[in-house]
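Okay, so here's the structure we're looking at.
The values are calculated or read from the model by the stated rules, or taken from the named source; none is laboratory data. Predicted model, so just to flag it, every value in this text is computed and none were measured. Glycine gets a Cβ as well: all are built from the backbone with ideal geometry, and neighbour counts include every protein chain shown. Each accessible area value is taken on the protein alone, full model and side chains, heavy atoms only, with ligands, DNA and RNA left out. Shrake-Rupley method; radii C 1.70, N 1.55, O 1.52, S 1.80 Å.
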Amino acid sequence: MNMPFKLSFIVLLFVIFAASISKPVLAQEQINAKPISPSDLPAGINYEGNIKEVFTFSDAMGENIVITSETGIYKSKKWKHETEGSDAELFAYHYILDGNNAKQTWRVYDLIKDCPVDIEAKFLKNTLSVTDLNNDGVAEIWVMYKTVCHGDVSPCDMKIIMYEGQQKFAMRGHNKVKYSENDFVGGDYTFDKAFKSAPDSFRTFALNLWNKNIM
């Protein structure tokens, strides 16, 4: 083997090795979700609030549709108010399409009600995700949002809710607020029982999502 050929062979081996270890994991885990217009939703799909995001994808369960929506701040007639406070609700829905029929498999619902000060109940931007981290063909659907009723600069309640099929996983805590140059409050979280017994990849993804949005 002459020197130029030997050198080229070594370079080729290095390129193949480098490609094998740098293959993006996310590309293997991510499911191709396609945004659709609310006007294109099939008949039989019901929701409350104003739609924030709608998308569809396919996995081992079939053709899926996910919707997130918010009411914004308003005065609800669903319950009695004891103050002059306002309300805000948020929703996430999952449907499986079966021919011309749509079956709801789960719903996320949270709210702030009768709040006389500053109020917020909204999904965090760019956090709605679809993955298959354990490569079992069934998608994990992630939503993240915050809720608060306060009259000061204090942390908001923050939650990550994930569904794999009909199994719910929840991560709950607070965002982090900066009071001064070196002082922060909040940032705490807890995993529920389902997350604690889930694959490590689920908790890793949840923590990365949490830390990206903690401020």
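Note on segment 37-55: residues that are of a type in the set (Val, Ile, Thr) and touching a residue at least 24 places away in the same chain (Cβ under 8 Å) amount to 1. Among the residues making up segment 60-79, those that are surrounded by fewer than 17 Cβ atoms within 10 Å (Cβ to Cβ) and not in a loop (DSSP other than H, G, I, E, B) are Gly62, Glu63, Tyr74.
Search segment 95-135 for residues being on the phi < 0 side of the Ramachandran plot and of a type in the set (Asp, Glu), and hand back the single one that is modelled with the lowest pLDDT.
Going through the qualifying residues, I end up with Asp98.
Could you go through segment 71-88 and let me know if any residue there is farther than 26 Å from Arg172 by Cβ, within 19 Å of the chain's Cα centre (by Cα) and at pLDDT 95 or above. Within segment 71-88 (the criterion being farther than 26 Å from Arg172 by Cβ, within 19 Å of the chain's Cα centre (by Cα) and at pLDDT 95 or above), the answer is no, since none of the residues qualifies. Filter segment 93-114 for residues that are surrounded by fewer than 17 Cβ atoms within 10 Å (Cβ to Cβ) and hydroxyl-bearing (Ser, Thr, Tyr); which is farthest from the chain's Cα centre (by Cα)? For segment 93-114, the residue satisfying everything is Thr105.
Checking each residue in segment 80-92 for being assigned to a loop (DSSP other than H, G, I, E, B) and open to solvent by less than 70 Å² (accessible area, probe 1.4 Å) picks out His81, Thr83, Gly85. Looking across segment 115-124 at every residue that is out of contact with any Phe, Trp or Tyr (no Cβ under 9 Å at 6 or more places or on another chain) and in a loop (DSSP other than H, G, I, E, B), the one that is least open to solvent (accessible area, probe 1.4 Å) is identified as Val117.
Evaluated against (1) open to solvent by less than 70 Å² (accessible area, probe 1.4 Å); (2) touching a Leu at 6+ places or on another chain (Cβ under 9 Å); (3) modelled with pLDDT of 95 or more, Lys52 falls short on exactly one condition, (1).
From (1) more than 25 Å from Val54 (Cβ to Cβ); (2) touching a residue at least 60 places away in the same chain (Cβ under 8 Å); (3) not in a helix (DSSP H, G or I), pick out the condition that doesn't hold for Thr127. Thr127 satisfies all of (1) more than 25 Å from Val54 (Cβ to Cβ); (2) touching a residue at least 60 places away in the same chain (Cβ under 8 Å); (3) not in a helix (DSSP H, G or I) except (1).
Of everything in segment 140-156 that is modelled with pLDDT under 95 and open to solvent by 40 Å² or more (accessible area, probe 1.4 Å), the residue that is nearest to the chain's Cα centre (by Cα) is Val153.
Among what's in segment 157-175 and is modelled with pLDDT of 95 or more and part of a loop (DSSP other than H, G, I, E, B), pick the residue that is surrounded by the most Cβ atoms within 10 Å (Cβ to Cβ). In this case the residue turns out to be Gly165. Here Asn134 passes the criteria (1) touching a Leu at 6+ places or on another chain (Cβ under 8 Å); (2) open to solvent by 10 Å² or more (accessible area, probe 1.4 Å) except the one numbered (1). Within segment 176-199, the set of residues being charged (D, E, K, R) and either in a helix (DSSP H, G or I) or open to solvent by 50 Å² or more (accessible area, probe 1.4 Å) (or both) comprises Lys176, Lys178, Glu181, Asp183, Asp188, Lys193, Lys196.
A single entry from Lys196, Lys178 fulfils the requirement of being over 20 Å from Val54 (Cα atoms), of a type outside the set (Phe, Trp, Tyr) and either in contact with a His (Cβ under 9 Å, 6 or more places away or on another chain) or modelled with pLDDT under 95 (or both): Lys178.
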